[in-house]
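Here's the structure we're looking at; comments come further down.
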Amino acid sequence: MGYVLARSLKDLQLKEPFRISGHVFESVPVLEVRVWEGELSGGGEAAGVYYLDDLPPGMASALDRASGRIESGVTREELRAILPPGGTRNAVDCALWELESKKSGLPPWQLAGIEAPVPRLTTFTIGAESPSHVTEKAAKTYAGARALKLKLSGETDLDIERVRAARGARPDVWIGVDANQGFTPDTLEPLVPVLVECEVSLLEQPFKRGREADMEGLKLPLPTAADESCLDLEELERLPGRFDVVNIKLDKCGGLTEGLMMARRARELGLKVMVGNMVGTSLAMAPAFVLGQLCDVVDLDGPVVLKEDRSPGVRYEDGAIWCPPEVWGAR
């Protein structure tokens, strides 16, 4: 029996502009996919990878071109040969996971070979704003957080102030910083002692994608994570000796199927594992939450910055994320 595909494009409105190195987001367009088999269906949502021009309108066109092959009744494994890594495959892959879950009556985590899920501590992200804004967010907006991630811009003096503002406001929390490719080895150097002074636990993606060799020989006193520098399972192989952690995002790698493969391979390579998101509703967080059960660091706060999430949705309590079974999967 084949499938019937349905797709829609949506524009998710943010509560306020969100700034990172080189970009300001006021909304996040996404592609939502639903795969039907008879009366059962599964859903997936993807934002794509903006810095690769993998954007929802193009993702929708790619899906239309592949729809005939997908509707013939492909498996998740066969999908990896039909669509490349990226947002289109992510949306379809996650929809197939939910459909499989409903057909089997088994929750997605059980299909993935994972023990019963538990709430996971998640980071809450503060954009690359003024130090006073960072203080406000850390102390008030995210007063219940137990882990914060700061977006840095590559403006060293300002970034130093941001880091000190966050630590001053919240001496009690885990802090990581994300440079989004904003630094060079020279501009990073004066920031490092401040990261140590402020007990920052993770430095994510300091240099541009394609400059991974610049990480070699850097004797940094804190762990580093690859985000833009690692898109999929193939690129994972080049990280050892350069990074300590890989940030797996389903939009980058093309879905939960490859995300799980990456997490397990990363362990074999001696890397720690992080799960992140490109912002999205709870439909995008739910499959990432399954992957998060295998991860050392979880960054799944996407719905927090939206004006409106879907219902039912994931829950945030005591600094942790929990995905109730009614959000996605067998029910």
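The values are calculated or read from the model by the stated rules, or taken from the named source; none is laboratory data. All values derive from a computational prediction rather than experimental measurement. With ideal geometry, Cβ positions are generated from the backbone for all residues, glycine too; neighbour counts draw on all protein chains shown.
Looking at T135 and the list (1) of a type outside the set (A, V, I, L, M); (2) touching a residue at least 12 places away in the same chain (Cβ under 8 Å); (3) in contact with an Asp or Glu (Cβ under 8 Å, 6 or more places away or on another chain), which single condition is not satisfied?
Going through (1) of a type outside the set (A, V, I, L, M); (2) touching a residue at least 12 places away in the same chain (Cβ under 8 Å); (3) in contact with an Asp or Glu (Cβ under 8 Å, 6 or more places away or on another chain) one by one, T135 breaks only (3).
Those residues that are at pLDDT 95 or above, under 20 Å from F25 (Cβ atoms) and in contact with a Phe, Trp or Tyr (Cβ under 9 Å, 6 or more places away or on another chain), I need them from region 139-164; list them, please.
T141, Y142, L148, K149, K151, L152, D159
Matching residues to (1) in contact (Cβ under 8 Å) with a residue 12 or more places away in the chain; (2) closer than 25 Å to M261 by Cβ; (3) out of contact with any helix residue (DSSP H, G or I) (no Cβ under 8 Å at 6 or more places or on another chain); (4) not basic (K, R):
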{"site": "W109", "(1), (2), (3), (4)": "yes, yes, no, yes"}
{"site": "V118", "(1), (2), (3), (4)": "yes, yes, yes, yes"}
{"site": "F124", "(1), (2), (3), (4)": "yes, no, no, yes"}
{"site": "A139", "(1), (2), (3), (4)": "yes, no, no, yes"}
{"site": "Y142", "(1), (2), (3), (4)": "yes, no, yes, yes"}
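Filter region 208-244 down to residues that are surrounded by 22 or more Cβ atoms within 10 Å (Cβ to Cβ) and either touching an Asp or Glu at 6+ places or on another chain (Cβ under 7 Å) or not aliphatic (A, V, I, L, M) (or both), then give me how many there are.
Residues that pass the stated criteria total 5.
Quick one: which helices (runs of 4 or more DSSP H) lie wholly within region 223-287 and hold at least 3 residues that are under 26 Å from G329 (Cα atoms) and assigned by TED's automatic domain parsing to the domain that holds K149?
By residue number, 250-253, 256-268.
Just to be sure before I move on: is D296 in contact with a Phe, Trp or Tyr (Cβ under 6 Å, 6 or more places away or on another chain), of a type outside the set (A, V, I, L, M, F, W, C) and touching a residue at least 40 places away in the same chain (Cβ under 8 Å) in the structure I sent?
Against the criterion (in contact with a Phe, Trp or Tyr (Cβ under 6 Å, 6 or more places away or on another chain), of a type outside the set (A, V, I, L, M, F, W, C) and touching a residue at least 40 places away in the same chain (Cβ under 8 Å)), D296 does not qualify.
Which of the residues that make up region 288-300 are of a type outside the set (A, V, I, L, M, F, W, C) and part of a loop (DSSP other than H, G, I, E, B)?
Matches in region 288-300: Q293, D296, D299.
Which pairs do you get when a residue that is touching a residue at least 60 places away in the same chain (Cβ under 8 Å), found in region 252-268, comes within reach of a residue that is aromatic (F, W, Y), reach meaning Cβ atoms under 7 angstrom, with the pair 6+ apart or on two chains?
Partner pairs satisfying both residue conditions: L256/W97.
Out of R89, R65, report the one residue that is surrounded by fewer than 21 Cβ atoms within 10 Å (Cβ to Cβ) and assigned to a helix (DSSP H, G or I).
R65
Could you go through region 11-18 and let me know if any residue there is within 30 Å of E234 (Cα to Cα) and outside the structural domain of A179 (by TED's automatic domain parsing).
No, region 11-18 contains no residue that is within 30 Å of E234 (Cα to Cα) and outside the structural domain of A179 (by TED's automatic domain parsing).
When region 1-60 is examined, which residues are found to be acidic (D, E), more than 16 Å from the chain's Cα centre (by Cα) and part of a strand (DSSP E or B)?
Scanning region 1-60 gives D11, E16, E26, E32, E37.
Taking the options G182, G168, name whichever one is in a loop (DSSP other than H, G, I, E, B) and out of contact with any strand residue (DSSP E or B) (no Cβ under 7 Å at 6 or more places or on another chain).
Of G182, G168, the one residue that is in a loop (DSSP other than H, G, I, E, B) and out of contact with any strand residue (DSSP E or B) (no Cβ under 7 Å at 6 or more places or on another chain) is G182.
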